[in-house]
1. So, in the stretch 59-89, of the ones that are more than 12 Å from the chain's Cα centre (by Cα) and among the aliphatic types (A, V, I, L, M), which residue ends up surrounded by the most Cβ atoms within 10 Å (Cβ to Cβ)?
2. Read through the list (1) in a helix (DSSP H, G or I); (2) within 24 Å of Phe48 (Cβ to Cβ), then give the number of the only condition that Gln133 fails.
3. Pick from Thr52, Thr31: which is without any contact (Cβ under 8 Å) to a residue 60 or more places away in the chain and under 27 Å from Glu111 (Cβ atoms)?
4. Only one of (1) β-branched (Val, Ile, Thr); (2) under 18 Å from Pro194 (Cα atoms); (3) surrounded by fewer than 19 Cβ atoms within 10 Å (Cβ to Cβ) fails for Val112. Which number is that?
Amino acid sequence: MTVLGYWTSQEQYSMQNLLEFVNEAEKGGFTSVLTSDHFHPWWHDNGFGNFTWIWLAAAAERTKKIKFTTGVTAAVYRYNPGIIAQAFASLEALYPGRIGLGIGTGEAMNEVPLGFDWPDADIRLERTKESIQIINKLWKKKYRSQTSINSDTELGNEKYQRKGYEKDGGTDNDSINFDGKYFRLKNARLYTPPSTDIPLYMAASGPDAGILMG
C-alpha cells in the first residue's frame, strides 16, 4: 500500500498558509501529514514560531481523513512527557485514528532559549527513553472508570467524588507512578485517555537512538 505524505514546516510558513496547503494536499490525494514541532525557527529572517499542537487541532478539524504526525516532538526539556501524553490523547479523542506522535531528542535552538542546558546526546537519549516509557504507561493504562458526580455534589464549589479514589488525597487505583533518573510521575492518570492506539515513532540518526523503540 502506497502512503503519500505531505510535509508542513511550522517554522517556514504561517499557520493560515499551512491550513490552506494541507487542505489542498488532501484534495490532491495525500493521505498523511508530517509537521515540525519547534519553539524557534531555523533562521530569524522571515521565520515563524507556530505552536504545532494548536495547528494540529485546527488542521484536523478542517480536513476529513488525512492523518497527522509530528516530526518531531522533543520530549526532553520544554515538554513534560505527561503533558505530551495528555495533549495527544486529547487530539486523538477529537480525531480518532488520525493522530500520531513522532519523538526525538530535539535541537538546542528550541530548548536553550527557554533556559535549559544542552547536554551530550547520551543524556538526551536517556531522557527520551524515560519520556517514551511514561507516555506509553499513560496511554496504555486500562482505566476503570471516568469521573462520577454524586447527587449530593456541590457543583458550585467544584466538590466531587471519584470512583475508587480516597478523598483524603490517597492513591487512585488507576494512578500511575514513575521514578526515573530525570522524570517522575506521582499518582498520575489521564482522565481523557485515547480510545485507540496512537502510533509513536522515534526519529533516529544512529543505532543508539534506533534501539529505543525496540
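1. Val76
2. All conditions are met except number (2).
3. Numbers: Thr31 fails: under 27 Å from Glu111 (Cβ atoms).
After applying the criteria, what remains is Thr52.
4. (2)
Yes/no per residue for (1) part of a helix (DSSP H, G or I); (2) among the β-branched types (Val, Ile, Thr); (3) within 19 Å of Asp197 (Cβ to Cβ):
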{"position": "Gly29", "(1), (2), (3)": "no, no, no"}
{"position": "His44", "(1), (2), (3)": "no, no, no"}
{"position": "Trp55", "(1), (2), (3)": "yes, no, no"}
{"position": "Ala59", "(1), (2), (3)": "yes, no, no"}
{"position": "Tyr77", "(1), (2), (3)": "no, no, no"}
{"position": "Ala85", "(1), (2), (3)": "yes, no, yes"}
{"position": "Gly97", "(1), (2), (3)": "no, no, yes"}
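Per-residue answers, yes or no, for (1) under 30 Å from Ser32 (Cα atoms); (2) modelled with pLDDT under 95; (3) outside any loop (DSSP other than H, G, I, E, B):
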position: Lys129; (1), (2), (3): yes, no, yes
position: Arg144; (1), (2), (3): no, yes, no
position: Thr153; (1), (2), (3): no, yes, no
position: Gly156; (1), (2), (3): no, yes, yes
position: Asp168; (1), (2), (3): no, yes, no
position: Asn187; (1), (2), (3): no, no, yes
position: Tyr191; (1), (2), (3): yes, no, no
position: Tyr201; (1), (2), (3): yes, no, yes
position: Ile211; (1), (2), (3): yes, yes, yes
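The values are calculated or read from the model by the stated rules, or taken from the named source; none is laboratory data. This one's a predicted model, so the numbers in the text were calculated from it and none came from an experiment. Here the Cβ is made from the backbone with ideal geometry for all residues, glycine too, and neighbour counts use every protein chain on show.
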